[in-house]
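**Student:** This is the structure, below, for whatever I ask next.
Every number here is computed from the coordinates shown, using simple stated rules; none is lab data. Computed from a prediction, not measured in an experiment: that's the story for all the values here. All Cβ positions, even for glycine, are placed from backbone atoms using ideal geometry, and neighbour counts span all protein chains on display.
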Amino acid sequence: MNRIKAVIKSVESSDSISLVELETAAGKMSAVVVETPDTADYLKTGREVYILFKETEVSIGKDLSGRISLRNRFDCTVLTVERGKILSRIVMDCKGERIVSIITTRSVESLELKEGDRVTALVKTNEVSLLEMDGNV
C-alpha cells in the first residue's frame, strides 16, 4: 500500500460525499471520500492526513501528451523494475516520495520501462483513501 503524508487544502461536500484537495511533497492530489466534515472531524482544511492507495491502482504513462481525466498525476523517476512472469513491481521516486505500482509485465515491455526512466504515475481520485493522522500511526 502506498502511503503519503498530506495536508488538506479544501473540502467540497454534497450529500454524504466529499471531494478533498490535498498537498503532498510529491504535488497536489485529490480524493473522493464517503464522509463530510460533519461526519468526520479530520476533514478540515489544514489537517494532516495520510493518503493511501493500492499499488495495483497506480498506472504508468510514458511520454504523455494531451488531456486526461485522471487528476492525480506525478512525474517520477523509475528506481527499480522487478519483473515477474505475469506482473511486475515498479518502484518510483517523485520528489522524495516513493510510489509503487504493480502492472502487467506485458505493459512493462510495451513501455520499455527501465531504471532511470522519467514516467508519469496516475491514480484515479476515487481509488484514494484518507487516514486520519494521529500519534499511533
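**Student:** With no solvent and one point per C-alpha, what does the Debye sum give as log10 I(q)/I(0) for segment 18-62 at q = 0.16, 0.34 Å⁻¹?
**Tutor:** With one equal scatterer per Cα and no solvent, log10 I(q)/I(0) is -0.52, -1.39.
**Student:** A further question on this structure: Given only helices, namely DSSP H runs of n ≥ 4 each adding -39500 (n - 2.57), what is the per-residue ellipticity at 222 nm of the chain, to the nearest 500 deg cm²/dmol?
**Tutor:** Helix contribution divided over all residues of the chain: -1500 deg cm²/dmol.
**Student:** Could you give each residue of segment 4-17 its phi-based ³J(HN,Hα) in whole Hz, using Karplus coefficients 6.51, -1.76, 1.60 with θ = phi - 60°, and x for Gly or Pro?
**Tutor:** Per residue, the Karplus-derived 3J(HN,Hα) values read 10, 6, 8, 10, 6, 9, 7, 9, 10, 10, 8, 6, 10, 10 Hz.
**Student:** Using only the alpha-carbon atoms of the chain as identical scatterers, what base-10 log of I(q)/I(0) does the Debye formula give at q = 0.09, 0.12, 0.15, 0.17 Å⁻¹?
**Tutor:** Normalising to I(0) and taking log10 leaves -0.29, -0.49, -0.73, -0.89.
**Student:** Sorting check: for 79-86, 33-40, which peptide has the highest mean count of neighbouring beta carbons within 10 Å, and how do the rest follow?
**Tutor:** Taking the mean over residues of other Cβ atoms within 10 Å, the ranking is 33-40, 79-86.
**Student:** Moving on. Report, in listed order, any pair from 85/124; 5/85; 62/95; 44/95 with a Cα-Cα distance greater than 21 Å.
**Tutor:** 85/124; 5/85; 44/95
**Student:** Turning to a different aspect of this structure: Quick one: which residues, 5 or more positions from residue 35 or on another chain, have an amide H under 5 Å from its amide H? H modelled 1.01 Å from N in the peptide plane, none for Pro or chain starts.
**Tutor:** 18
**Student:** If I take every Cα pair under 8 Å that is 6 or more residues apart in the chain, average their sequence separation and divide by the length, what percent do I get for the relative contact order? List each step's numbers first, then the result.
**Tutor:** On the way: 309 pairs, mean separation 39.4, N = 137.
Contact order relative to length: 29 percent.
**Student:** What is the Cα centroid distance between segment 44-79 and segment 87-134, reported in whole angstrom?
**Tutor:** If we compute the Cα centre of each part, the gap is 8 Å.
**Student:** Check residue 103: other-chain or 5+ apart residues with amide H under 5 Å from its amide H, H built from backbone geometry?
**Tutor:** For residue 103, whose amide H was placed from the backbone, the distant partners under 5 Å are 88, 90.
**Student:** So who's got an amide H within less than 5 Å of the one on residue 47, skipping anything under 5 residues away but keeping other chains? H placed 1.01 Å off N, in plane.
**Tutor:** Amide H neighbours of residue 47, under 5 Å, 5+ apart: 8.
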